[in-house]
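Single-structure report; data block below.
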Number of protein chains: 2
Amino acid sequence: MKSSKKYIIGASALLIILVGCGLAVGRALNGGDESAYDETPKSMQQILSDIRSLMEANAIAAYIVPSVDAHSSEYISAHDRRLQYVTNFTGSAGTAIITLEAAALWTDSRYHLQAEGQLDSDYWTLMRQGLTDVPTQDDWLQENLPLGSQVGVDPFLITSTEFERLSRVLSSGGFRLVTLERNLVDSVWNNRPAQTSEALIPLDIKFSGKRASEKIADLREELEKNKASAIVINSLDETAWLLNLRGSDIQNTPVFFSYAIVSGTQISLFTNPDRITEAIVDHFRSEGITVTVRDYDDILAGIKEQVGERGKIIIATACNQAFYAQIPADQRIQLYSIVATKRAVKNAVEAEGMRKAHIRDGAAVIRYLHWLEENVDSENVTELSGAMKLREFRSLQENYVGLSFTAISAFGTNAAIVHYSPTEETDTLITRDNIYLIDSGGQYWDGTTDVTRSVHMGEPTAFQKEAFTRVLKGFLSLGSTVFPPKTSGTFFDAMARRALWDVGLDYGHGTGHGIGMFLGVHEYPPSVVSSTSSPGNIGLLENMFTSNEPGYYEADQFGIRLEDIVQVVPTEVAYDFAGRGALTFYSNTVVPLQTKLMDMTLMSDHEIELVNKYHERVMKEVGPLLLEQEANEAYIWLAKQTQALTRMLI
Amino acid sequence: MKSSKKYIIGASALLIILVGCGLAVGRALNGGDESAYDETPKSMQQILSDIRSLMEANAIAAYIVPSVDAHSSEYISAHDRRLQYVTNFTGSAGTAIITLEAAALWTDSRYHLQAEGQLDSDYWTLMRQGLTDVPTQDDWLQENLPLGSQVGVDPFLITSTEFERLSRVLSSGGFRLVTLERNLVDSVWNNRPAQTSEALIPLDIKFSGKRASEKIADLREELEKNKASAIVINSLDETAWLLNLRGSDIQNTPVFFSYAIVSGTQISLFTNPDRITEAIVDHFRSEGITVTVRDYDDILAGIKEQVGERGKIIIATACNQAFYAQIPADQRIQLYSIVATKRAVKNAVEAEGMRKAHIRDGAAVIRYLHWLEENVDSENVTELSGAMKLREFRSLQENYVGLSFTAISAFGTNAAIVHYSPTEETDTLITRDNIYLIDSGGQYWDGTTDVTRSVHMGEPTAFQKEAFTRVLKGFLSLGSTVFPPKTSGTFFDAMARRALWDVGLDYGHGTGHGIGMFLGVHEYPPSVVSSTSSPGNIGLLENMFTSNEPGYYEADQFGIRLEDIVQVVPTEVAYDFAGRGALTFYSNTVVPLQTKLMDMTLMSDHEIELVNKYHERVMKEVGPLLLEQEANEAYIWLAKQTQALTRMLI
């Protein structure tokens, strides 16, 4: 903290803003071999040959190119699409390995077809992960490299745990995993998009519910508990939450490129200092914090200085290898992210905001579903144009900022592809002949939403009704469970599957993910998955939020998914074992479930009652908003959709 | 393998039996300070002062005395009751720490009262684990020792993972954890019972279903898969299973003191060589294996020789620190026990034996419950005398060997104490005024049993009926679940609790444990518990066996538990997602559930049908056996107990 100039901004009596680049020792300025910007795209041959030259210069026989950014972000910016640059593959998950003679891309079954189409097989081999005869990266490396070879990786793009694992495997096979300070792809990427640096957005206390100063105080308490002097924050959404700041560096997720270090006495924010405008200075002041702003690329220097203070430093278990290696073992405490764990329990203002945002979002989805019924016979509504219309309905809502992800608007056989998103090429007409699945969400100042409904506008088959009803049974079972605090997500996962398991059906994805408050649409913890070793699978507590989204997918036929965002709330029970109280779920999502797809002979009276009560609430909460928006026909449609089911109706 | 003489026994063409003690370098012969045997008991003051002298001689400031033996056995022999010797405490779980000035015993809430009565407070402080103001052992050590002190422990009595954890904690606080080759308690224990060395019992192929040679071949395949040259086996029940041998060194569990090392070419059994009789030699021959027998105390030497072969050696995650430390890191592979995992899936003969043993065991329990009804009014049936009677009924059954554990025969308020076992002091009259809980089991040549029933022979209260019915609902829900292979135990745990959770009730123990085939009544994996990190909590596969035992305990009032041993079996379902098939449970236990305690208004039609079907099967399977045993009145009683429930009866 001594020699480097910094931007000190905030609530201290003496506000010092030092502008200048400091002793930035970061990666962007460090390599010296930065590829000069040049619009002309290189050929694949050129890219690979340039990378291989650098590999030889660095004495490595293989180079690993992961799909992630330095923050383990789920969605990454164009600047970070290194994997796409070297392979042409645009899928969200994959790993490339380049050797001096070969180049191979591993990706999972979601992307096998897509990768096949995008890879140039003159240069690339596709490794279809999950198929039995496909070697793992570990095995392939060991089979394709001369004994004693070095394998290189960018330490910012691999977690410390994965680095350690792979390192152990390779070294037991007679190889060596090494980190290269300079990313070889960046070095050859002549037309690389610049890192985005959009304006920072202060989040008002009326939305955040808790000042940054209080969040920092909580965090410092955790430092004391762990006898640590500082914590390094890696994830973009954690820094955003902690400082009550938002950004738009990444599409649909309101975050900004940054790292943070919080010590007992200081808050250091590593980001492009140009965006610390007067408004941001004011924000920090009103949030009650003093922030030292430093260049994004200064982060390793910042950690190094903190190491120099001799105290212990906390990093997250999902932390990258660059941070991990910077901190000596006896000063390092690696824990499941403290910030993420604190954030997981939303405060009263956030919880209230989430509820209200979901009511407005419900109005948008209901207006869309009504509009769809009205327009489906025009034979010009497609998956893409439908999604556009839904976006329009969302944009009319108060506090709307944007979408929380690209809608999965999927008709018929397309809906059987779990991770489908329509493109110009796949765009399909929506008709009355099959099930339409719409999974979408919005970003609002006061909440993030994520909802899925599956509807049939014609005559569903008996099997479609059975599948829908069994998905619904799991959805209702999970949604109505009463449980003690800290119950593991595994329980809820199986709860949602039981009615499907009963007849040998299932779905191949998790049942629930946490969700941010005007942040990531996927936020962990919590998560509701069967894997007991998933770190996000922690016990549920009051005011955690998760999705409840069972489904069923019949390949080449149809797909069904129902998804609500549910909030963990206390509930009254007759007894109170060990004085710990009882919890249940409250659906924030208020959009009707299509009764036409329900097979009432498979439903218990209790399940019918749950559907009726839910529909009553949907009408009560969203109805008035529809009238206010003068969506009178949608109001009438909703009234019909939410009419009580009775056994006599069958 | 060169210098040490060994006993080589088995199926090889040339049978060599070398008798003699070899170069035993084990602990019993190694210390030189073995306390001479002397009947006269030492005073507590003497014991502690003798230990403290040895501590000073070894330069340690604290000595840890755990309750376990070197095999992580659940039940230990008198020879291994070191904790009891130094503290007088007879509970099954606890840890003592002795410093030069103080001595403290940590034990959990089950044993707080008992320990209070047994500890001499002039010498010992009771640390009631679980209470908030009680320091952990970690904290207490650090607060009570001079900085830089050494803490000693017997490396055979601490797992490598716990050793590593504690070592890290202590060293970060400025202390050091060290292992002492010689156990200090053994050194001062003048009247220590000798290690039992009962006759070995060959298990016939008609009971084991698989020859030892095949089990060894399977294990060697695992060695190859893991590129290892040998595996060290630590657990008594694993060696017993592997060699199809039984013993009686530990009460109620048919195991014998031993270790084993299996390499690609050799099987070494470390046990008292005197028990390798002609019959055992014949057994090895008919099992198709050649066994090198060595002294029990030779085990570390045996591992050392194996290390000398330069190959990798597999040890279990629950392995003790002595073994762990004997193997250099680059030769060590530590895995969740391969033997236990193989054993968990029972073969067809074992599975058939388990079923049949449970039918005979059912006859014994039914005869007892009938006898109890007949004799309860005599006012001289107590918890202890009842348990004696039940033992008598078991001993009449074919293939009976003994009990599988001391029965929990608990009446009224005693049944609310989860780990209650009647003693002369607590023995209580069984009457018609409250619920009687009987949890018991037997060892048979063809199976191990464990069953719990709760009965009220008078008029239960409404709350007792509600509690019983909710326990029953969980029990039926778990027992009837259809699920895909590898479903985690966590799901079943919560399944058994849901009806209790619905009204804020619960129970404070796990829901299920694996069970051996004429082996330990608790055998892992599998287990059905909520803790996702429990290593025994693995996914269930066909022919695994587990208990299904939800309960409810109202302190100072009553206790309820229902327990069946259930077998994982395939089941037919309408569809077949991913071609993986479907599993469900089959109750091996056949003992009626008391309908008097059921509140049918809380039960669904499906639940009533499940009870009726079960009772029909109980009558069909056990009825003929009762007639065969001329237990005609018990037969009539059973017919009444298993009459179908109908709604009209309410």
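For B:Ile408, indicate whether it is at negative phi, over 24 Å from the mean Cα position of the chain (by Cα), crowded, with 21+ Cβ neighbours inside 10 Å and β-branched (Val, Ile, Thr). Answer is no for this residue. B:Glu630 meets all of the listed conditions (1) closer than 30 Å to A:Phe463 by Cα; (2) in a loop (DSSP other than H, G, I, E, B) but one, namely (1).
Within segment B:65-77, if we keep just the residues that are modelled with pLDDT of 95 or more and surrounded by fewer than 20 Cβ atoms within 10 Å (Cβ to Cβ), the residue that is farthest from B:Asp139 (Cα to Cα) turns out to be B:Ser77. Based on this model, can you work out whether A:Ala212 counts as surrounded by fewer than 16 Cβ atoms within 10 Å (Cβ to Cβ) and of a type in the set (A, V, I, L, M, F, W, C)? So A:Ala212 does not fit the description; no.
In this structure, is B:Glu373 surrounded by fewer than 17 Cβ atoms within 10 Å (Cβ to Cβ) and farther than 18 Å from B:Gly441 by Cα? Yes, satisfied. Evaluating A:Ser229 against the criteria (1) touching a residue at least 60 places away in the same chain (Cβ under 8 Å); (2) out of contact with any strand residue (DSSP E or B) (no Cβ under 7 Å at 6 or more places or on another chain); (3) among the small types (Gly, Ala, Ser) leaves one unmet condition, (2).
Considering the conditions (1) within 14 Å of chain B (Cβ to nearest Cβ); (2) among the aromatic types (Phe, Trp, Tyr); (3) touching a Leu at 6+ places or on another chain (Cβ under 6 Å), A:Tyr635 is excluded by exactly one of them, (1). Among the residues making up segment A:549-573, those that are over 20 Å from A:Asp450 (Cα atoms) and in contact with a helix residue (DSSP H, G or I) (Cβ under 9 Å, 6 or more places away or on another chain) are A:Glu554, A:Ala555, A:Asp556, A:Gln557, A:Phe558, A:Val573. The condition (being on the phi > 0 side of the Ramachandran plot, in the same structural domain as B:Gly209 (by TED's automatic domain parsing), out of contact with any Phe, Trp or Tyr (no Cβ under 8 Å at 6 or more places or on another chain) and at pLDDT 95 or above) is satisfied by just one residue among B:Gly288, B:Gly308: B:Gly288.
Just one residue in the set B:Ala467, B:Ala496 is touching a Leu at 6+ places or on another chain (Cβ under 6 Å) and either of a type in the set (S, T, N, Q) or buried (at least 21 other Cβ atoms within 10 Å of the Cβ) (or both); that residue is B:Ala496.
Restricting attention to segment B:206-226, the residues that are closer than 22 Å to B:Gly311 by Cα and either assigned to a loop (DSSP other than H, G, I, E, B) or charged (D, E, K, R) (or both) total 8.
For segment B:376-397, the count of residues that are modelled with pLDDT of 95 or more and touching a Pro at 6+ places or on another chain (Cβ under 6 Å) is nonzero.
Among the helices (runs of 4 or more DSSP H) confined to segment A:228-312, the ones with at least 2 residues that are β-branched (Val, Ile, Thr) are located at A:278-287, A:299-308.
Each residue in segment A:471-487 was checked for being surrounded by fewer than 24 Cβ atoms within 10 Å (Cβ to Cβ) and within 12 Å of another protein chain (Cβ to nearest Cβ), and 8 pass.
Taking the conditions exactly as written (more than 10 Å from chain A (Cβ to nearest Cβ) and under 22 Å from the mean Cα position of the chain (by Cα)), does B:Pro592 satisfy them or not? No. If I filter segment A:490-499 for residues that are in contact with a Ser or Thr (Cβ under 7 Å, 6 or more places away or on another chain), more than 14 Å from chain B (Cβ to nearest Cβ) and either among the polar types (S, T, N, Q) or part of a helix (DSSP H, G or I) (or both), do I get at least one hit? No. Taking (1) within 14 Å of another protein chain (Cβ to nearest Cβ); (2) closer than 22 Å to A:Tyr75 by Cβ in turn, A:Gln464 satisfies each apart from (2). Scanning segment B:506-563 for residues that are aliphatic (A, V, I, L, M) and within 14 Å of chain A (Cβ to nearest Cβ), we see that the one that is nearest to B:Pro485 (Cα to Cα) is B:Leu540.
The values are calculated or read from the model by the stated rules, or taken from the named source; none is laboratory data. Note that the structure is a prediction, hence the values are computed from the model and not measured. Cβ atoms come from the backbone with ideal geometry, glycine included; neighbour counts cover every protein chain shown.
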